[in-house]
Amino acid sequence: MTAVTTRAARRPPPSRASRKQTRIAWGFAAPFMVLFLVFMAGPIVASLAMSFTDLTTRDLRTPFNVNLVGLDNYVRLFQDERFVHSLLNTGVFVIVGVPVTIVLAMLVALALNTGINKFRTVFRVGYYAPVVTSIVAIAIVWKFILQPDGLLNGFLGVFGISGPNWLEDTTWALPSLILMAVWRNIGTLMVIFLAGLQGVPKEHHEAAMVDGANVVQRFFNVTLPAMRPTLLFAAVITGIGFLQFFEEPFVMTRGGPLDATLSSAMYTFNQFGFGNYSYASAASYVLFLAIVLLSLIQFRLLKKED
Amino acid sequence: MTAVATPVLAQPRRANRPRSKWWLYVVLGLGMIAMIFPFIWMILGSFKTTAEIRSNPLGFLPEAPTLENYTQLFGRLDFATYFTNSVIVAVFVTLGNIVFSSMVGYALAKLQFAGKKLLFTLVLGTLMVPGVVTFVPLFVLTSNLGLVNSYPGLILPFLITPLGVFLMRQFIMSLPDDIIEAARIDGASEWRIFLRVIMPLCGPAVATLTILTFLGSWNNFLWPLVVATSEAKYTLPVALALYSVGQNAAQYGLMMAGAVVVVIPVLLVFIVLQRYFVQGIALTGIK
């Protein structure tokens, strides 16, 4: 009904009343719009524009006094082995990290959802605690845990295993950071999955139980299909987060050893530090494009299901 | 009397009763220990000397608890300044988000206007844009405005967040239209309705928004790292990250104490208000 009145009010040449409401509404939105255009939409467009120029530090005071170079920056990026390497690292981080996080968070959510009443809040607080804390601070603690003479190796030593120098070993550095990121992200997905599990119709479970389906069968045939939208949403937001992988390598490895943990965001930040502004902008847009692509793929999957 | 009834009733109930869940508690408990262990180790480590952490990595309780790390942190390294900076930035960022998000949220939720759909699409679209995309032009802009290394430079880009707008819109949409209609019939202006009718009902949403934006600002790293160029304007994460690669890096105890100063305030707030965090995720996450 509301849809009809809305359309009726909008389609004919705007009446005085609706024009007045438009004016009032934009009045409410005006302060937001100013900040949005200056600090968000503007920079997003400017970044794209910059990526087609040769802007560097020396042009900082006169950003319009630069040359257009077309796609040069992008061509250079994909000829730059370090950048391609950083993309691969980011890819590994996403492809390994996202599914592991989703599976672990799902297991925790399922466990919490199956008749755990006592300590429910305690568990929720415990699993969610890493989410609310600063990555920088936590990365420092993990850095000490992963030192050659640190907690993890001390623990492994009890079993007679001599652990590697996790963060200085080209094989182990990236997995170490993935482990930490998984640890940090389980809580968010746990909360989302718990909310999603509430929406799974109880009758379906009961029906499956009557048919003699066991716990595992019920999970795959009842819970999982009903949770599909929630799962895809979780995959999208976790994917977007993991693609922006920055604080962990910045604090723990600076992208080393031998670029083993160099992420695309880290690479962009370094280029910015060197004063290569246009080049950094192009790199950031490649990352943005990757995020859009990943999200589109996931939304496509979601649509197919509905 | 009951002796007759009980066995009959108890029989089917026992068959239906879920089996004991003790092993679930054990698994969840072990998992939780893995989740909170770094925090506990960090807090205990902050009371140890670096020598003790190095020589005895598996040691749990400090052998001779010392406040040395904290006195050094707040004395020599001036963490009190960084703490104050973090608080100032977070307070203004939070206030800005409450004011601007609720205003635009009201317009998006309850007013019909030309351009509404476009505005909402724009806001949602920016949710996907990673931080690294905007920080180069933002830095050029901030630098040209002469705001590098200043509070306005740290605060202005975060006075609005797409997430804040989204959250307020979702909540205000759930308020009944009737109260707004009633106020309109009584002759109240839209501003009056917003201030006197809508905002007083927004308590839960504002609480959630406050927590999420304060926390986001407190933990924010990339932008302060770029824009705070002198120690006087460092926020806590920036100071901690930069000290952790300098001369102080080898001082495990000191760095642990620094991490405690950054983490513990938000952890305490979270434990007290955890209900709102979960609400916030639910409000933004599920539909």
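None of the figures in this text is laboratory data; all of them are computed from the coordinates on show. Note that the structure is predicted; figures quoted are calculated from it, not measured. Positions of Cβ are backbone-derived with ideal geometry, glycine not excepted, and every protein chain shown enters the neighbour counts.
Measuring from centroid to centroid over Cα atoms, what is the spacing of segment B:125-152 and segment A:276-300 in Å?
One Cα centre to the other: 18 Å.
Over the protein assembly as shown, one equal point on each Cα, no solvent: what is log10 I(q)/I(0) by the Debye formula at q = 0.05, 0.10 Å⁻¹?
Per q value, in the given order, log10 I(q)/I(0) is -0.25, -0.99.
With an 8 Å Cα cut-off and a minimum separation of 6 or more residues, compute the relative contact order for chain A in percent.
Reported relative contact order: 27 percent.
Once a ≥ b ≥ c are taken as the square roots of the eigenvalues of the Cα gyration tensor of chain B, is the result rounded (a/c under 1.5), prolate (a/b larger than b/c) or oblate (a/b not larger than b/c)?
It is oblate, given that a/c is not under 1.5 and a/b is not larger than b/c.
Across peptide B:26-37, what mean number of C-beta atoms from other chains lies inside 10 Å of a residue's C-beta?
That average works out to 5.
Before anything else, pin down the relative contact order of chain B: Cα pairs under 8 Å, at least 6 apart, normalised by residue count, whole percent.
Across chain B, relative contact order equals 29 percent.
Which pairs in the list A:LYS20/B:LYS116; A:LYS20/B:LYS117; A:LYS118/B:LYS48 are over 24 Å apart, alpha-carbon to alpha-carbon?
Violating the 24 Å Cα-Cα cut-off are A:LYS118/B:LYS48.
Please identify the helices of chain A, taking whole runs of DSSP H, that span at least 30 Å along their own axis as judged from the Cα atoms and have a mean Kyte-Doolittle score of 1.0 or higher.
A:81-113, A:173-198, A:277-305
What distance in nm lies between label points placed 7 Å from Cα along the C-beta direction at B:ALA188 and A:VAL100?
5.4 nm
In debye, nearest 20, what is the charge dipole magnitude of chain B about its Cα centre with +1 on Lys and Arg Cβ and -1 on Asp and Glu Cβ, if you could check?
1040 debye
Please give the peptides B:244-250, A:128-134 ranked by average Cβ packing (other Cβ atoms within 10 Å per residue), highest first, as a rough proxy for protection.
My ranking of the peptides, most packed first, is A:128-134, B:244-250.
Using amide H atoms built in the peptide plane, which far-off residues or other-chain residues are under 5 Å from A:THR53 H to H?
A:VAL69
Over all residues in B:120-129, what is the mean tally of Cβ atoms on other chains that come within 10 Å of each residue's Cβ? Let's see the in-between values first.
Values: counts 0, 0, 5, 5, 0, 3, 4, 2, 8, 10.
Mean partner-chain Cβ count within 10 Å for B:120-129: 4.
Counting each DSSP H run of 4 or more residues in the protein assembly as shown as -39500 (n - 2.57), what helix-only mean residue ellipticity at 222 nm follows after dividing by all residues, to the nearest 500 deg cm²/dmol?
Taken over the protein assembly as shown, the calculation gives -22500 deg cm²/dmol.
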